[in-house]
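Quick notes on the structure that follows.
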């Protein structure tokens, strides 16, 4: 059974204070690792897809990286508008999206 | 355009009511999904349609009945729900295949069962 574990559960940063979110996974035949951002009461917003170890993707202040066992979402100089829950998910041979429980990020002034 | 739309945004229904949730996408995706999400939990997969055919039912109770009338539309018919069915219901779509394609989510329908 595919499993995804995210840490920390919650993270509070000051504006401009860079940090990383961790996503550890076990999956049978990785087809893709996905990062989403979710604001309260809204649907997840797609951020990145990573397919193989060593791959990196960037978008504004976010950078996602992938190894054979984990993925990191690096947030550089965050702003208050980056506050959200960040979800990591994988698909394997079962072709179903398995989510982690998310990291709730709060960025304060 | 990466938009998935869902109606209604909010729905309150009694346990004897029948209602439907609707989802639409115009991205040319041929896979569509229903998820249920409880507060502070990740989305849980309910159903998957691929090329308008039901391909996955995650042992969902029969009081939830999905329907895919065409490649752009997805419905979820609700009947005789229980209070514990109150949740955010999310629709998503993607290219079909072996699971390597990202899913795009709608804004969700907040369902309250009284």
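Each value in this text was obtained by applying a stated rule to the coordinates, not by laboratory testing. Note that this is a predicted model, so its numbers are computed, not measured. Positions of Cβ are backbone-derived with ideal geometry, glycine not excepted, and every protein chain shown enters the neighbour counts.
Please find the FRET efficiency linking residue B:79 to residue B:53, where r is the Cβ-Cβ separation and R0 is fixed at 22 Å, and quote it to the nearest 0.05.
Working: r = 22 Å, r/R0 = 1.01.
The computed FRET efficiency comes out at 0.50.
Per residue, the average separation of C-alpha pairs within less than 8 Å and at least 6 apart gives the stretch A:4-109 a relative contact order of 39 percent. Remark: mean inter-chain Cβ contacts per residue of A:35-41 equal 3, using a 10 Å Cβ-Cβ cutoff to other protein chain atoms. Over chain B, Cα pairs under 8 Å with separation of 6+ residues give a relative contact order of 37 percent. Applying 1/(1 + (r/R0)^6) with R0 = 30 Å to the Cβ-Cβ distance of residue A:58 and residue B:63 gives a FRET efficiency near 0.10. Per residue of peptide A:25-34, the mean number of Cβ atoms on other chains within 10 Å of the residue Cβ is 2.
Shape summary of chain A, radius of gyration then Dmax from alpha carbon positions: 13.3, 43 Å. Entry note: the stretch B:1-112 has Rg to Rh equal to 0.94, where both radii use alpha-carbon atoms and Rh is the Kirkwood radius.
Scaled against the 2.2 N^0.38 Å expected of a compact globular protein of N residues, the Cα radius of gyration of the protein assembly as shown reads 1.02. Paramagnetic label reach from residue A:51 (point 7 Å along Cα→Cβ; backbone nitrogen cut-off under 15 Å): within the stretch A:60-96, residues A:66, A:91-92. Counts of other chain beta carbons within 10 angstrom of each beta carbon in peptide B:41-53 average 3. With the simple spin-label model, which puts each label point 7 Å out from Cα in the Cβ direction, the residue A:93 to residue A:68 separation comes to 1.8 nm.
For the residues A:42, A:63, A:79, a GNM of chain A with alpha-carbon springs under 10 Å puts the largest fluctuation on A:42. Working from label points 7 Å from Cα in the Cα-to-Cβ sense, the residue A:10 to residue B:9 distance is 2.7 nm.
With the simple model of a label 7 Å out from the Cα in the direction of the Cβ, residue B:114 to residue B:41 spans 2.4 nm.
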